[in-house]
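Each remark here refers to the structure printed beneath this line.
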Amino acid sequence: MSELLDRYAEVAGRDVVNHLYQLVAPLKGMKVVHVNSTKEGGGVAEILRKLVPMMEALGLDVKWEVLEGSPDFYQCTKGFHNAIQGFPVKLSEAMLEAYETVNAENAEKLRPVLEEADFVFIHDPQPAPFLNFCPNRRGKWVWRCHIDCSRPYRPVWKYLKNWIQDYDASIFSLAQFAQFLPHPQYLIAPSIDPLSEKNIDLPEDEIRGVFDQFGLKPDLPFILQVSRFDRFKDPLGVIEAFRQARKMVPLQLVLAGGGATDDPEGEKVLEEVRKAAEDNEDVHVLLLPPDAHRTINALQRASDIVLQKSLKEGFGLTVTEAMWKGKPVIGGDTGGIRLQVIDHFTGFTVRSPEGAALRIRYLLHRMDRLEEMGARARRLVLENFLLTRHLREYLALMIGLLHGLEDRIDMVQ
Ligand code: UDP
């Protein structure tokens, strides 16, 4: 057993890790390629940073490739992102051309690697056309959608579907996101890595250190939202919820975020957030570097309540991270948040700043309920949203794709 996997056995249980070994046996040595559009920032990079080394530790030959785009390209793919989440977006011919050209150029560079792979996982719409530029591919190609596409803006989805329909399969995080596609669709929820800097236990003085580091008041309850500065994360709604809650309970708010290299709208949203926060010394807007994982970990642990008031959310790793730290989450009643925040049980789902303010006040008045919900939240993550479960489902999917409808698969060789 690899040393890395041994460590997971301590957290998730020996059986869970043994099961992974059993599943990977018929896949050993196979070539797997993941492609996405950024090495840092956002949930996809966060997942791949952990999933790739774990697959390697299990004996797969794994590569993680990142597509390189132009500003026009990222403008276009941000448009796709917004459109998939239901926003009506108009994309010009020139933008679509930039999208297709960047894909053709990147796919050409990576073609030898892609065409000889046994499995290629293409994450999100940015590199979706790769498949069409690899006519001699020999492996199974899977499109993995991380976005909330419960109600995509149809004209844009119709365009994207042309690039996606020839894949061997696609993966969505929730049943509500599935689409009409002429291939099998799998449901796999994302996960967090309990051993990463973002999620490991921290010494108490490091946790308390964030109060000094960011000028927070040590005796004032604090609520936190960690997110890219993106309108769908509703940072302005969070500030409004804070303002309303604060009329009844003393409180401070931290909005912590950073940019993703493939997100061109972040700066504008950050500016709006700073403006909305400027007249209140108890609202702290933190722009963190992409590798501030330990700082985010400490902030999540130091907070009393975590918010993720998204209006649309593919999954919401920030929710999982907070729950793992025993925090109840007040989350937008949408997408992947619903999978994690079980209303009144592991937190509250809300539909407005007023709703969020009401729940903040309730939890701060009922510390017993706050702690109870936090403990349940951690347990829910332990049982459902750790990397080991995620990996198991990937391996099962790969075996399923290789063996199709065969009625018997010999797992141990
Ligand atoms: N994150 C981070 N720094 C930031 C903002 C977010 O490291 O400034 C991380 C966050 O901890 C989480 C991921 O990026 O692991 C965001 O994933 P999520 O699914 O919540 O949202 P996405 O950005 O993919 O929409």
Region 269-300: number of residues that are more than 12 Å from the ligand (Cβ to nearest atom) and outside any helix (DSSP H, G or I): 7
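Buried (at least 21 other Cβ atoms within 10 Å of the Cβ) and either touching a residue at least 60 places away in the same chain (Cβ under 8 Å) or within 16 Å of the ligand (Cβ to nearest atom) (or both): which single residue out of S196, S173 fits that description? First the steps, then the outcome.
On the way: S196 fails: buried (at least 21 other Cβ atoms within 10 Å of the Cβ).
Among S196, S173, only S173 is buried (at least 21 other Cβ atoms within 10 Å of the Cβ) and either touching a residue at least 60 places away in the same chain (Cβ under 8 Å) or within 16 Å of the ligand (Cβ to nearest atom) (or both).
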How many of the residues in region 39-49 are crowded, with 19+ Cβ neighbours inside 10 Å and near the ligand (Cβ under 10 Å from one of its atoms)? 6
I'm checking my understanding of the structure. Among residues of region 229-247 that are modelled with pLDDT of 95 or more and among the acidic types (D, E), which one is farthest from F87 (Cα to Cα)? E240
Exclusive hit being surrounded by 20 or more Cβ atoms within 10 Å (Cβ to Cβ), part of a strand (DSSP E or B) and within 16 Å of the ligand (Cβ to nearest atom), set G331, G335, G314: G331
Of the residues that sit in region 228-253 and are among the hydrophobic types (A, V, I, L, M, F, W, C) and within 16 Å of the ligand (Cβ to nearest atom), which one is surrounded by the most Cβ atoms within 10 Å (Cβ to Cβ)? V238
I296 vs. criteria in contact (Cβ under 8 Å) with a residue 40 or more places away in the chain and under 27 Å from K39 (Cβ atoms): yes
Of these, F87, F119, which one is under 30 Å from Q176 (Cβ atoms), over 21 Å from the mean Cα position of the chain (by Cα) and of a type in the set (F, W, Y)? F119
Could you list, ordered by first residue, the pairs with Cβ atoms under 7 Å in which the first is in region 99-111 and aromatic (F, W, Y) and the second is part of a helix (DSSP H, G or I), at least 6 apart or interchain? Y99/F73; Y99/C76; Y99/T77
Looking at region 379-391, is at least one residue closer than 28 Å to K31 by Cβ, among the basic types (K, R) and modelled with pLDDT of 95 or more? yes
Enumerate the pairs (first residue in region 243-272 and in contact (Cβ under 8 Å) with a residue 12 or more places away in the chain and more than 21 Å from A356 (Cα to Cα); second residue anywhere and hydroxyl-bearing (S, T, Y) and not in a loop (DSSP other than H, G, I, E, B)) with beta-carbon separation below 7 Å, excluding pairs fewer than 6 apart on the same chain, so at least 6 apart or on different chains. D262/Y74; D262/T77; P264/Y74
Positions within region 63-94 being farther than 13 Å from H123 by Cα, touching a residue at least 24 places away in the same chain (Cβ under 8 Å) and crowded, with 21+ Cβ neighbours inside 10 Å, in sequence order: G69, F73, Y74, G79, F80, A83, I84, Q85
May I ask you to verify whether V306 is outside any helix (DSSP H, G or I), more than 10 Å from the ligand (Cβ to nearest atom), among the aliphatic types (A, V, I, L, M) and under 17 Å from V319 (Cα atoms)? yes
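Would a scan of region 11-32 turn up a residue that is within 16 Å of the ligand (Cβ to nearest atom) and in contact with a Leu (Cβ under 8 Å, 6 or more places away or on another chain)?
Within region 11-32, not a single residue is within 16 Å of the ligand (Cβ to nearest atom) and in contact with a Leu (Cβ under 8 Å, 6 or more places away or on another chain).
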Please count how many residues of region 138-167 are surrounded by fewer than 17 Cβ atoms within 10 Å (Cβ to Cβ) and among the charged types (D, E, K, R). 6
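The values are calculated or read from the model by the stated rules, or taken from the named source; none is laboratory data. The structure presented is a predicted model; accordingly, all values stated were derived computationally and were not measured. FYI the Cβ positions are ideal-geometry reconstructions off the backbone, even for glycines, and counts take in every protein chain you see.
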